[in-house]
Amino acid sequence: MAEKKLHTLQTNEEIIEELTKDFKSTCMKDDKTKSEKGENFESNSSNKDDPWENIGKDPDEDEKEEKSETTENVIDEDLSDEEELKDRDLNLTEEDKKLLQKESEIIRRDANDRFRMGEFETALSMYSQALKICPLCCTQERTFLFANRAAAKSKLPNEKQSAIRDCTKAIQLDPNYVKAYLRRANLYEETEKFDEALEDFKKVLTFDPSHTESNCAIRRLPSLIEQRNEKLKTEMLGKLKDLGNLVLKPFGLSTDNFQLQQDPNSGGYSVKFNQNSS
């Protein structure tokens, strides 16, 4: 097996440019030749038919962008509600604020009853209604409303991220509200945000070092984080290998022809090329 050691390492961009320069030109010539022979090719401007446009693109990118837009709309709506409340509260007397506080409290208690009966969507709607009534200066009441609305959202599909945001709002209003940290920690774990969950469980322990659930969590989560990281690393290496094979295939090569070897003394890496790699 012949081996050729590459002493000068090029950047990823230089390697890809060098390897694909002739290949892309060849592909274009091949397409032109087929066209001259009378073969019919349907014209399509979509990127999905152009492998060069899709290299390195996440196949779920469109779905992620759509979810991102939905999340932004929810956040914008919450900010808009608070801006309206700021403008409204400027014109309220102290008596008006007390009346609105009492009204929102009545709605919150009714929503709690709905929640206990398992009517989560109704409870969610009522908590939102109470938040739109409760004056911004009533910090404690709004803390409970955000935390309770998070509980209702956590029971509904596709509302986990929004529930996390509500927990965060509650914590911003009251940094010592242990229940909000605990609820957010569980939501983070359910959505596989293990690092964030671990931090929240640790925070709970600063308030209550003997908290059983949190003590169990900080022993459980590190292994889950490690498993997730290994899975992500494997997936990433697999995608890089597929990309490399796509680029090298026209030259009769594959990523198996290249091997990275670490120098035990310097810690640096060198690339070995194996022409006859099986």
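General observations
- Cross-link table 98/160; 98/203; 86/169; 193/239; 86/193; 102/193, entries beyond 28 Å C-alpha to C-alpha: 98/160; 98/203; 86/193; 102/193
- Ordering 248, 112, 210 by the projection of their Cα atoms onto the charge dipole of segment 100-255, which places +1 on the Cβ of Lys and Arg and -1 on the Cβ of Asp and Glu, puts 248 at the extreme positive end.
- At most 14 other Cβ within 10 Å, DSSP loop - GluC sites (Glu not before Pro), segment 159-223: 192
- Nearest-10 value in Å² for the accessible area of residue 195, using the 1.4 Å probe: 70
- Shown here for segment 129-213: trypsin sites (Lys or Arg not before Pro) in loop regions (DSSP other than H, G, I, E, B) with at most 10 other Cβ atoms within 10 Å, of which there are none.
- Note on residue 182: accessible area is roughly 30 Å² with a 1.4 Å probe, heavy atoms of protein only.
- Cα gyration tensor, segment 94-178 - rounded (a/c under 1.5), prolate or oblate: oblate
- In Å², nearest 10: area of residue 225 left accessible to a 1.4 Å probe: 20
- Solvent-accessible area, 1.4 Å probe, carbon plus sulfur percent, for segment 105-229: 49
- Spin-label model distance (nm) - residue 88 vs residue 190, 7 Å beyond Cα toward Cβ: 2.9
The values are calculated or read from the model by the stated rules, or taken from the named source; none is laboratory data. Quick caveat, the model's predicted, so the values are computed rather than measured. Don't worry about glycine lacking a Cβ; one is built from the backbone with ideal geometry, like all the others, and counts go over all protein chains shown. SASA here: full protein model, heavy atoms, side chains in, ligands and nucleic acids out. Shrake-Rupley method; radii C 1.70, N 1.55, O 1.52, S 1.80 Å.
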